[in-house]
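Reviewing the structure listed below.
The values are calculated or read from the model by the stated rules, or taken from the named source; none is laboratory data. A quick note: this is a predicted structure, and the numbers were derived from the prediction, not measured. Every residue, glycine as well, gets a Cβ built from its backbone with ideal geometry; the counts of neighbours run over all protein chains shown. Remember, those area values only see protein heavy atoms, side chains included, never the ligands or the DNA or RNA. Shrake-Rupley method; radii C 1.70, N 1.55, O 1.52, S 1.80 Å.
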Amino acid sequence: EKGGFASFMDKEIHDQPQAVTDTLLGRTDIAGHLVLDDLRIDESVLRSVDKIVVIACGTAAYAGHVAKYAIEHWCRIPVEVELAHEFRYRDPVVNERTLVVAISQSGETMDTLMAVRHAREQGAKVLAICNTHGSTIPRESDAVLYTHAGPEIAVASTKAFLAQITATYVLGLYLAQLRGNLFPDEITEIFDQLRAMPDKIQIVLDRSDEVRKTAQDMVDTTSVLFLGRHVGFPVALEGALKLKELAYIHAEGFAAGELKHGPIALIEEGQAAFVIVPSPRGRHSLHSKVISNIQEIRARGARTLVIAEDGDDAVAPFADVVFSVPRCPTLLAPLLTVVPLQIFACELATVRGLDVDQPRNLAKSVTVE
Ligand code: BG6
């Protein structure tokens, strides 16, 4: 049931605080150590893993892109992310020391299933991150980490995406604990910050009026660009995908650093561009780099729709609209910054009179090649 919402998608966007809460539930023991009961892969095998390869399709693959930033940072294990249908037709270099992570909401996506088989044939251990109990991909994997987003009805994925990202954070912290990459105190601190995310997602949802109004004003838009760096890059890709899937509008996500290498040629008067701005408190100088990117496109006429952290005063002079999200650690920010983009796509499709739950030409789970 839609629970009073106009669409399943709208409901599922609002289910996201709960989806993240439930995915984090029961992951620690009394002493605060992470325990992953459903993980049947031997600890000694996990300790000797020297590479992680994430395989997935669509939105699930973007969850894998976010995971790469977090797991490499916390665990110092190289992480590759590959579309399952590309992986299965290559000669990927995987072996007994490779942990393949297959991410799938449905657990039935044929391309991902075939990639799982391809990986296991070569001796890799496969861990499924899946939302559907007893589905094929977890059954054929060595282990499973279930997301607990609840049934997702709308074809375009929202709450499953946040739950997938959350599950990869749990996996990363667990591996860091097992392999001693982080001090126990650091793991506890990050896990506590993770547990604080559902309330922050709720704050983003409570602020959705301005996003909706922006979408309503853009009913005739024919193209929207999405720019981000670091973990904001996969968020940009996902924002673009949501808009294509739901509103049938040309949309492209870019790494903001790539702008000057090509995409900036697309910028002309009135071109709408979402920009995901990293926290000004983060490491590196990413924040100022993204501010420069905003200036560059604005100087060429772009209409800048900026997602930034609360209190980030530096963005205001260059933004046509600012959507603020609460403060949080940089690596966890995708759980917040993607939400306005989901709402934007859902609202724009709705004002265009489209069926947001059942977009044309798409299926919830693609069980053919
Ligand atoms: C697509 C769905 O066909 O499959 C997307 O329309 C989804 O929403 C993708 O992200 C992958 O599906 P799954 O079930 O493997 O996560």
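Label-to-label distance for E186 and A31 is 2.0 nm, based on points extended 7 Å past Cα in the beta-carbon direction. Summarised as an ellipsoid, region 1-82 has semi-axes of 30, 20, 11 Å, derived from the eigenvalues of the Cα gyration tensor scaled by 5 and square-rooted, with the largest first.
Charge dipole (Cα centre; +1 on Lys/Arg Cβ, -1 on Asp/Glu Cβ; no other charges) of region 70-157 amounts to roughly 200 debye.
The trypsin sites (Lys or Arg not before Pro) of region 28-58 meeting both criteria, a DSSP state outside H, G, I, E and B (loop) and at most 16 other C-beta atoms within 10 angstrom of the site's C-beta, are R40. Maximal additional length on extending the R139-E86 stretch stands at 16.9 nm, based on 0.36 nm per residue less the C-alpha distance.
Taken about its Cα centre, the chain carries a charge dipole of about 500 debye when Lys and Arg each add +1 at the Cβ and Asp and Glu each add -1 at the Cβ. Using only alpha-carbon positions in region 1-158, the gyration tensor eigenvalues give semi-axes of 27, 20, 14 Å once each is multiplied by 5 and square-rooted (largest first). Per residue, the convex hull spanned by the Cα atoms of region 188-233 amounts to 86 cubic angstrom.
Among the GluC sites (Glu not before Pro) found in region 219-269, those both in a DSSP coil and sparsely packed, with 10 or fewer other Cβ atoms within 10 Å of their Cβ, are E268, E269. With K and R counted +1 and D and E -1, the other residues having a Cβ less than 15 Å from that of V81 yield a net charge of -2. Over all projection directions, the Cα-based convex hull of the chain averages an area of 17.6 nm².
Over its Cα atoms, what ratio of radius of gyration to 2.2 N^0.38 Å does region 88-176 give? Could you put the intermediate results ahead of the total?
Values: Rg = 13.0 Å, N = 89, 2.2 N^0.38 = 12.1 Å.
Cα Rg divided by the expected 2.2 N^0.38 Å: 1.07.
Which one of A255, T222, A302 has its Cα pushed farthest toward the positive end of the charge dipole of region 205-336, where Lys and Arg give +1 and Asp and Glu give -1 at the Cβ? After comparing all options, I get A255. With both labels modelled 7 Å from their Cα along Cα-to-Cβ, the R40 to F5 distance reads 3.4 nm. In this structure the amide hydrogen of V54, modeled in the peptide plane, comes within under 5 Å of the amide hydrogens of E80, V81, E82, V101, none closer than 5 places in sequence on its chain. Please work out the Cα center distance from region 67-98 to region 282-355, rounded to the nearest Å. Spelled out, the Cα-based centre of one part sits 29 Å from the other. To the nearest 10, the accessible area of V366 is 70 Å² with a 1.4 Å probe. The lysine pair tally for the chain, using Cα distances under 15 Å and a gap of 8 or more places or different chains, is 10. Taking the Kirkwood radius as Rh and the Cα radius of gyration as Rg, region 209-291 has a ratio of Rg/Rh equal to 0.98.
Quick note on region 132-206: its Rg to Rh ratio, both from C-alpha atoms and Rh being the Kirkwood radius, is 1.03. A Förster radius of 41 Å combined with the Cβ-Cβ distance from D50 to D206 puts the calculated FRET efficiency at roughly 0.40.
Selection among G26, G239, P317 by position relative to the dipole of the chain gives P317 as farthest towards the positive end (Cβ unit charges, Cα centre). A straight chain from H261 to S292 at 0.36 nm per residue would run longer than the Cα-Cα distance by 9.7 nm.
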